[in-house]
Every structure is written in structure tokens, then in C-alpha cells.
Amino acid sequence: MPRSARSPLLLAGLLATAGAAHFAAPRVFDAIVPRALPGAPRTWTYASGAAELALAAGLALPRTRPLAARAATAFFVGVFPANVKMAADWRHRPAPQKAVAYGRLPLQIPLVLWARGVARNPRGQA
């Protein structure tokens, strides 16, 4: 299988891993839920984890891949405020932790572009 054909499946794997992590270690994610969101942070943690798992499943299936990729593009944009909150909250932590928090900010750009690329080319062919 050419590398470009694996791209949607790699994105699905990334989302599935992240989604499962929301359920395995929810406190980590609770801490970065923006305070402006209504309700309990745990609800948002579980909802975003479930969304990531659903997106992963949609990306894994060729029939649902285009829609799932467009939804993943929007999802990656939508979770950016959580990454901003994490960077702000971690600004006084030791350098390695601060680097992780700040590193997540620009990471959203390639994720958005990756999902958008899968939406435009769902079969992953070059």
C-alpha cells in the first residue's frame, strides 16, 4: 500500500489513540477544558473522546471517509482553545512541560491540513 493510501488510516489511528486516552486518563483532559464551556469538564472530556473515536471509525471506512475527514478538520479547529488553555496554564512549569504545551499549538495546523487533505482525496491516492 503506498504511503499516501495509508494516510487516512494513520489519521484514524491517531484519533482512535487520542479518543481512548480521554477515557483511560480523563483527568489530564479535564484540566484543559476551557472554563467558558458550560457543564462539567469531565462531560467535555468524554464527549471529545467519543467524537475522536467516531471520527476514527468514519475515517477507517472508505464510504464514510470524506464526511469524517471534513468533520475531523472542524474538530481539530474546535479543540484549539483547549491547547491554548493548556499553554497558558503551563507557562510557569519546567521547560520540558512548557515545551509540550507550547508545541501543541502549532501542531494543530498540520492536523487540520492532514484532515483537509484526506477530505479532498479520500482514497489517499497521489
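The values are calculated or read from the model by the stated rules, or taken from the named source; none is laboratory data. Since this is a predicted model, take the numbers as computed values, not measurements. No Cβ is skipped: glycine too gets one built from the backbone with ideal geometry, and neighbour counts run over all protein chains shown.
Here is how the numbers come out for the structure above:
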| read-out | value |
| --- | --- |
| Qualifying residue in the stretch 15-28 (condition: farther than 23 Å from Pro66 by Cα, modelled with pLDDT under 95, in a helix (DSSP H, G or I) and among the aliphatic types (A, V, I, L, M)) | yes |
| Every pair of residues 6+ apart whose Cβ atoms lie under 7 Å, when the first sits in the stretch 69-82 and is touching a residue at least 40 places away in the same chain (Cβ under 8 Å) while the second is surrounded by fewer than 20 Cβ atoms within 10 Å (Cβ to Cβ) and acidic (Asp, Glu) | none |
| Some residue of the stretch 66-88 being outside any helix (DSSP H, G or I), at pLDDT below 95, of a type outside the set (Phe, Trp, Tyr) and within 25 Å of Arg116 (Cα to Cα) | yes |
| Pro34 vs. criteria over 14 Å from Trp114 (Cβ atoms) and out of contact with any strand residue (DSSP E or B) (no Cβ under 7 Å at 6 or more places or on another chain) | yes |
